[in-house]
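Contents: one structure, followed by commentary.
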Amino acid sequence: MIQTILGAFTVKDIRKKLLFTAAMLALYRVGSYVPVPGVNVDAVKATQESFGGSGILSLLNTFSGGSLSRLSLFALGIMPYITASIILQLLTVVVPSLEKLQKEGEVGQARITQYTRYLTVGLSFAQAVGYVFLFRSLADNTNDPIIPNFGVGVVFLIVLSLTTGTVLLMWLGELITQRGIGNGISLMIFASIVA
């Protein structure tokens, strides 16, 4: 088995795909340490320490690879895309026009993929707003606010950054699927859980 794995690196095309996938996953992991602008990183650490590893935040943090606890650029992870995919799969059963698109083959599938991307942006935006107010309420229990200059401009900047992070992750996942090995979204979820 080890011989087979080592033999895969001798084929130029496979080696190129493996290195590309590794580079994209490394970029994903680096982005999970880049804090969102307008956030007090020390207060985020203090809040994380005071609440420990229990509750729903801990579970959500697992799927984001620890970036939620750091309130980083990739704090939302790839979960809004997964949610959007599930919603559209369920809607194809209920909405006749989506069912027709699904039966059209590649063209219809491409259109559904585009709808999934749009829904991902909307879900990311809504989830980012929720996280901003959640972290603001969590910081009420500490002396140091997580978002020091809480206002419309700062909240919009944080929400925009988190939404952009999710769109970037969606793009990286699609790049891995196209130019790397395997399903990029699944590999990113796996990397998050392992991290």
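The values are calculated or read from the model by the stated rules, or taken from the named source; none is laboratory data. This structure is a prediction, so every number in the text was calculated from the model and none was measured. No Cβ is skipped: glycine too gets one built from the backbone with ideal geometry, and neighbour counts run over all protein chains shown. For the accessible areas, the whole protein counts, side chains as well, though only heavy atoms, and no ligand, DNA or RNA atoms are used. Shrake-Rupley method; radii C 1.70, N 1.55, O 1.52, S 1.80 Å.
Some points to look at:
- The chain: relative contact order in percent, alpha carbon pairs under 8 Å with at least 6 residues between: 31
- Surrounding net charge for S192, when Lys and Arg each add one and Asp and Glu each subtract one, Cβ distance under 15 Å: +2
- Gyration tensor verdict on segment 84-127 (Cα atoms; rounded if a/c is under 1.5, prolate if a/b is larger than b/c, oblate otherwise): oblate
- For the chain, the membrane-span-like helix rule (DSSP H, alpha carbon extent of at least 27 Å along the helix axis, mean Kyte-Doolittle at least 0.5) picks out 152-179; this says nothing about an actual membrane.
- Once all protein chains are placed together, F156 keeps about 110 Å² accessible to a 1.4 angstrom probe.
- Each Lys and Arg contributes +1 and each Asp and Glu -1, all at the Cβ; summed about the Cα centre of the chain, the dipole is approximately 580 debye.
- Taking the charge dipole of the chain about its Cα centre, with +1 at Lys and Arg Cβ atoms and -1 at Asp and Glu Cβ atoms, the residue from S161, S186, V34 reaching farthest to the positive side is S186.
- Shape category assigned to segment 146-195 from the gyration tensor of Cα positions, a/c cut at 1.5: oblate
- Of the accessible area of segment 64-120, computed with a 1.4 Å probe over protein heavy atoms only, carbon and sulfur atoms account for 62 percent.
- In the context of the full set of protein chains, residues of the chain present 57 Å² of accessible surface per residue (probe radius 1.4 Å, heavy atoms only).
- Structure-derived mean projected area of the Cα convex hull in nm²: which label, when the choices are [x] 15.5; [y] 13.9; [z] 11.4: [y]
- For segment 107-195: rounded, prolate or oblate by the Cα gyration tensor [a/c cutoff 1.5]: prolate
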